[in-house]
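Participant: Can you keep this structure in mind? I'll have questions shortly.
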Amino acid sequence: MINISRLEKFYRKKKRLGPVNLHVDKGEIFGLLGPNGAGKSTLLSILATVSSPSAGKVIMKGKDITEETKAVRPLIGYVPQDIALWEEMTVKENMLFWGKMVKRKKSEEQLENLCQAVQLHGKWDEKVSRLSGGMKRKLNLAVSLIHDPEILLLDEPTVGIDLQSKFEINELIQKLARDGKTIIYITHDINEITQLCTRIGVLKNGIFLFTGTLAEAGARLQQHGYTAKNETEIIFHLLKQDYSDHEPTF
Amino acid sequence: MGIYYEKWKQLMRKPVTWLLFLMPIAASVGFGMLFTKQQTELTIPIVIVDEDQSSTSDAVIQGLKSQTGLTVKEMPASAAKKQLLQGEVDSVFIIKKHFQTELRKGKRDGLIELWTSPSSVAAGIVREIAASEIIKQTSAAKAANKVVSLYKQKYEDQGERSEIWQQAYDYTMDQWQPEPLMTIQYKIGSDKRQDTNKEKATLLFSPYLGLWSFFTMLSCFIFSDWAVKERWTIFPRIRASSIGLPAYLSQCAAAHLIIQLIQAGFAFVVFRYLNVINGGIVVFSVMAVFVLFSTVIGLLLAVFHTHAGPFYLTALSTALLFALFGGSFFPAGELFSFIQKLSEMFPQTALAAAENKDRLTDPLVWESVFAMAAVVLISWPLIVWKAGREYD
Ligand SMILES: Nc1ncnc2c1ncn2[C@@H]1O[C@H](COP(=O)(O)OP(=O)(O)OP(=O)(O)O)[C@@H](O)[C@H]1O
Ligand SMILES: [Mg+2]
């Protein structure tokens, strides 16, 4: 579904990402993790066609994202790390406005149901500026789902969302994956990494130290002489390792 | 189209929109009135003593009264003298007895006596005005005298024939209407370019329209702050959506433009109602182009800023620069001749020219309109490019 090959990104002649090679299949929830400044958001924004790659190729559903940008965009639902909403407008107005930006038009009722699905209840006519931080996150997520995108690119969508809602949203995302959506999910939440993601990639200094399932990660760690009692420790070791001296070993 | 309408509705609900909508018209009418009021207060007081009390002396007085810049009072000689000594009036003009009869005989000198205070500023001007009035009167009288004498010669008539005299006199006086001398356009034998420059130098800009141009530009600039505010939040997501950033930018700009166009229409109607501008639909058309120009320049400034504070500062100073050099507040070109050429390149010239000429086909008007349109066309791709660039 998503095929990334030798992708690189420079900011003012400084390399921030790459070379990155990655393949994500339909129905996967690919967890993207790594320390702050690793390049996760940079990678996601390139996939979302917000910024353009300095080198390399990205193919989505058989389409090159730089050459067929117009055809790719309707496939993508993008949740940027920063909240992208009009603060002075209500939830309803925001949903309606973003609903105008997409090709597949939705009725007001469908939009309201979408807000329910992300656990944003009873705030339909509330101004966004009056919502709590977590509620804004929920709406931020709902907006990206308006056009039923096949590919979801979610940049820390559940930061600051209460546990109960996060649980429900995770359920929703799993359901979307079962329905055949392809999801790339950036998170710093250990539970989301272990419970939600089907596969993970650890990004550091712009390159992947590891891509694969947690079980694979555990096996590889053992090969390198590390012992991990549980998944949390596996992730801990994955992130702690500094592999910058050599090409990623796994 | 949908986005344009949504944005428009969204804007209409914001109080700041209404503030920016009303600001140009309220400020230009408010300051305009202050400005023109001060102008009338700056007149020079003079006194006329009319000893002749004839229709001709009255015509001279009316002529002086119609001059802006002078306040003309009539009073007896004794009172006038007192006022002059107290420094309350600038100068006193005494129209001597038999002014009309002497004048009609073709005599010009010594008919008006002039008293001035040592600090008089008006004597020269008033003397000129009075002289031109007297020349008018004497020329007409001489012409009438001639007509009557020719008539008498031809028909060997010895009667008074005052009705013929009067008709000839009135006819000649009519030739001076509506205003003598000053409105004749002098075309001195030189190349065309210089000719138009001469005309440009005398463009009179209604203070109302001048102030409107400044406040409208400022309003359009501030109105463009959405492009600064949405830059890091909304724009990235727009880029990822089907509509794309260029379409979003143009539709949002259109929504803002429509509101400012309504503002311009409203201002135009108010100005016409108050009778403070000349010109008709041409002036409005140029106002509309000016609004388009200001909106696009506002956006251009906005996409080159990352924070609202510095943007407002740049917006204000840019609007001020445009107003100063373009002549919104006073004709800049008349102060410093080297600014003259520069001033002609500013969009305010189009407004002033439209008000004076009231023809789109006048080179002064269409050249400026064309220049504004060109700037808009060049700026737009730059705006789209810059707005999208920051993420690359
Ligand atoms: N627009 C930009 N201009 C210049 N440098 C940038 C820009 N955006 C990101 N960077 C740099 O690229 C690097 C990667 O940033 P990125 O936002 O992708 O990190 P991240 O992995 O998402 O971090 P976090 O976990 O904090 O969100 C950082 O060093 C950052 O400073
Ligand atoms: Mg990030």
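Participant: Quick one: pull the percent of accessible area on the range A:94-243 belonging to carbon and sulfur, 1.4 Å probe, ligands and nucleic acids left out.
Facilitator: Values: 3240 of 6900 Å².
Reported share for carbon and sulfur atoms: 47 percent.
Participant: Accessible area lost on pairing A with B, both sides, 1.4 Å probe, Å² to nearest 100? List each step's numbers first, then the result.
Facilitator: Details: alone 12460 and 21340 Å², together 31540 Å².
Summing both chains' loss of accessible area gives about 2300 Å².
Participant: I'd like the accessible area for A:S107: 1.4 Å probe, protein heavy atoms, all chains in place, Å² to the nearest 10.
Facilitator: My reading of the accessible area for A:S107 is about 50 Å².
Participant: Something else: What whole-number distance in Å separates the alpha-carbon centres of the range A:110-131 and the range A:143-164?
Facilitator: 14 Å
Participant: So how far, in whole Å, is the C-alpha centre of the range B:231-298 from the one of the range A:4-19?
Facilitator: Here the two parts' Cα centres lie 40 Å apart.
Participant: Something else about it: Efficiency by 1/(1 + (r/R0)^6): what FRET value for B:T43 and B:N275, r their Cβ-Cβ distance, R0 = 22 Å, to the nearest 0.05? Don't skip to the end; give the middle numbers.
Facilitator: Numbers: r = 20 Å, r/R0 = 0.93.
So the FRET efficiency works out to roughly 0.60.
Participant: Label 7 Å along Cα→Cβ of A:T213; the range A:23-43 residues with amide nitrogen under 19 Å?
Facilitator: Only A:23-33 pass the distance filter.
Participant: Here is a further query. Inside 10 Å of the C-beta atoms of A:77-89, what's the mean count of C-beta atoms belonging to other chains? Walk me through the numbers before you get to the answer.
Facilitator: Working: counts 2, 5, 2, 8, 1, 5, 3, 9, 3, 7, 2, 4, 4.
If you average over the peptide's residues, the count of other-chain Cβ atoms is 4.
Participant: Could you work out the Rg to Rh ratio of the range B:239-392, with Rh taken as the Kirkwood radius (inverse of the mean 1/r over all Cα pairs)? Walk me through the intermediate numbers first.
Facilitator: Numbers: Rg = 17.1 Å, Rh = 16.9 Å.
Result: Rg/Rh = 1.01.
Participant: Residues of the range A:73-117 with backbone nitrogen within less than 17 Å of a virtual label 7 Å along the Cα-to-Cβ line of A:V159, please, listed as ranges.
Facilitator: Flagged as within label range: A:78-85.
Participant: From the C-alpha gyration tensor of the protein assembly as shown, pull out the three semi-axes of the equivalent ellipsoid (sqrt of 5λ each), sorted largest to smallest, in whole Å. Write out the running numbers ahead of the final one.
Facilitator: Numbers: eigenvalues 1342, 99, 89 Å².
With the √(5λ) rule applied to the protein assembly as shown, the semi-axes are 82, 22, 21 Å.
Participant: For helix B:2-12, report the angle its Cα long axis makes with the longest principal axis of the Cα atoms of chain B; keep it between 0 and 90° and round to the nearest 10°.
Facilitator: 60 degrees
Participant: How much accessible surface area, in Å² rounded to 10, belongs to the heavy atoms of B:I378 with a 1.4 Å probe?
Facilitator: Estimated to the nearest 10 Å², B:I378 gives 120 Å².
Participant: Also, quick follow-up: Under the classification rounded if a/c is under 1.5, otherwise prolate if a/b is larger than b/c and oblate if not, where does the range B:251-317 fall, given a ≥ b ≥ c as square roots of the Cα gyration tensor eigenvalues? If you can, show how the numbers build up before the last one.
Facilitator: On the way: a/c = 2.93, a/b = 2.17, b/c = 1.35.
Here the range B:251-317 falls in the prolate category.
Participant: Which whole-number value in Å² is the accessible area per residue of the range B:43-174, probe 1.4 Å? Each step should come with its number before you reach the end.
Facilitator: On the way: 7390 Å² over 132 residues.
Spelled out: the 1.4 Å probe surface of the range B:43-174, per residue, equals 56 Å².
Participant: As a quick test, which of the pairs A:K166/B:K7; A:K166/A:K240; A:K61/A:K166; A:K136/B:K386; A:K40/A:K103; A:K63/A:K105 have an alpha carbon distance above 25 angstrom in this structure? Could the numbers behind the result be given before it?
Facilitator: Numbers: A:K166/B:K7 32 Å; A:K166/A:K240 27 Å; A:K61/A:K166 29 Å; A:K136/B:K386 29 Å; A:K40/A:K103 28 Å; A:K63/A:K105 23 Å.
Over 25 Å apart, Cα to Cα: A:K166/B:K7; A:K166/A:K240; A:K61/A:K166; A:K136/B:K386; A:K40/A:K103.
Participant: Pull up the cross-link candidates among the aspartates and glutamates for A:K123, meaning alpha carbon to alpha carbon under 19 Å and not fewer than 8 places away within one chain.
Facilitator: Here the aspartates and glutamates satisfying the reach criterion relative to A:K123 are A:E87, A:E88, A:E93, A:E108, A:E109, A:E112, A:D162, A:E168.
Participant: Run through the DSSP bridge list for the protein assembly as shown and note the antiparallel percent, rounded to the nearest 5.
Facilitator: Working: 25 of 52 bridges.
Approximately 50 percent, going by the DSSP bridge assignments.
Participant: I want to verify the translational diffusion coefficient of the range B:43-174 in µm²/s; compute it with Stokes-Einstein, Rh as the Kirkwood radius over Cα pairs, at 25 °C and 0.890 mPa s. The partial results should precede the final answer.
Facilitator: Details: Rh = 15.7 Å.
It diffuses with D of about 156 µm²/s by this estimate.
Participant: Moving to a separate point now. Would you calculate a helix-derived [θ] at 222 nm for chain B, using -39,500 (n - 2.57) for each DSSP H run of n ≥ 4 and dividing by the full residue count, to the nearest 500?
Facilitator: Numbers: 18 runs with 269 residues, N = 392.
Theoretical 222 nm ellipticity from helices: -22500 deg cm²/dmol.
Participant: Using a simple spin-label model with points 7 Å from Cα along the Cα→Cβ vector, what separation in nm is obtained for B:V376 and A:L239?
Facilitator: My value for the distance between the label points is 5.4 nm.
Participant: Going through the range A:99-154, which trypsin sites (Lys or Arg not before Pro) have at most 12 other Cβ atoms within 10 Å and a DSSP loop state?
Facilitator: Within the range A:99-154, the qualifying trypsin sites (Lys or Arg not before Pro) (loop, at most 12 other Cβ atoms within 10 Å) are A:K103, A:R104, A:K105.
Participant: Determine the gain in length on full extension of the stretch B:F35-B:A247; use 0.36 nm per residue of separation and subtract their C-alpha separation, reporting nm with one decimal. Please report the intermediate quantities before stating the final value.
Facilitator: On the way: separation 212, 0.36 × 212 = 76.32 nm, distance 4.32 nm.
Extra length from B:F35 to B:A247 when fully extended: 72.0 nm.
Participant: Probe radius 1.4 Å, ligands and nucleic acids ignored: give me the carbon and sulfur share of the accessible area of the range B:43-174 as a rounded percent. Before the final figure, lay out each step's value.
Facilitator: On the way: 3810 of 7390 Å².
Result for the range B:43-174: 52 percent of the exposed heavy-atom area is carbon or sulfur.
Participant: Could you work out the mean count of beta carbons from other protein chains within 10 Å of each residue's beta carbon in A:141-149?
Facilitator: Numbers: counts 0, 0, 2, 3, 0, 1, 2, 0, 1.
Mean inter-chain Cβ contacts per residue within 10 Å come to 1.
Participant: Provide A:V91, B:V369 ordered by accessible surface of protein heavy atoms (probe 1.4 Å), highest first. Spell out each step's value before the answer.
Facilitator: Numbers: A:V91 0, B:V369 35 Å².
Most to least solvent-accessible, the answer reads B:V369, A:V91.
Participant: Then there is this: For B:D358 and B:D109, what does the FRET efficiency come to when R0 = 35 Å and r is the distance between their Cβ atoms, rounded to the nearest 0.05? Walk me through the numbers before you get to the answer.
Facilitator: Values: r = 43 Å, r/R0 = 1.24.
Using R0 = 35 Å, I get an efficiency of 0.20.
Participant: Compute the length gained on full extension between A:F167 and A:E87: take 0.36 nm times their separation in residues and subtract their Cα-Cα distance, giving the result in nm to one decimal.
Facilitator: Working: separation 80, 0.36 × 80 = 28.80 nm, distance 2.62 nm.
Full extension of this stretch gives 26.2 nm more.
Participant: If you average 1/r over all unlike Cα pairs in chain B and invert the result, what Kirkwood radius do you get in angstrom?
Facilitator: On the way: mean 1/r = 0.0395 Å⁻¹.
Kirkwood hydrodynamic radius for chain B: 25.3 Å.
Participant: Right, something else. Considering the Cα trace of chain A, what is its radius of gyration and what is Dmax, both in angstroms?
Facilitator: When restricted to the Cα atoms of chain A, Rg and Dmax are 18.4, 57 Å.
Participant: Within 10 Å, count the other beta carbons around each residue, average over each peptide in B:228-237, B:282-291, and list them highest first. Display every interim value, and only then the final one.
Facilitator: Values: B:228-237: 19.7, B:282-291: 22.9.
Per-residue mean Cβ counts within 10 Å order the peptides as B:282-291, B:228-237.
Participant: If you take the beta carbon distance between B:K152 and B:D58 as r and set R0 to 22 Å, what does 1/(1 + (r/R0)^6) give as a FRET efficiency, to the nearest 0.05?
Facilitator: Working: r = 28 Å, r/R0 = 1.29.
With a Förster radius of 22 Å, E is 0.20.
Participant: When you look at the Cβ of every residue in B:229-238, what mean number of other chain Cβ atoms sits within 10 Å? Intermediate values should be presented prior to the final figure.
Facilitator: Details: counts 2, 2, 0, 3, 7, 8, 3, 9, 14, 4.
The mean count of partner-chain Cβ atoms within 10 Å per residue comes to 5.
Participant: Count the lysine pairs in the range B:43-174 whose Cα atoms lie under 17 Å apart, taking only pairs 8 or more positions apart in sequence or on different chains.
Facilitator: Eligible lysine pairs with Cα atoms under 17 Å apart amount to 20.
Participant: Related question: At a probe size of 1.4 Å, how large is the accessible area of B:I277, to the nearest 10 Å²?
Facilitator: Around 10 Å² of this residue is reachable by solvent.
The values are calculated or read from the model by the stated rules, or taken from the named source; none is laboratory data. Fair warning: this is a prediction, and the values are worked out from it, not measured in the lab. Cβ coordinates were reconstructed from backbone atoms using ideal geometry, including for glycine residues, and neighbour counts include every protein chain displayed. Heads up: the accessible areas ignore ligands, DNA and RNA and are worked out on the full protein's heavy atoms, side chains in. Shrake-Rupley method; radii C 1.70, N 1.55, O 1.52, S 1.80 Å.
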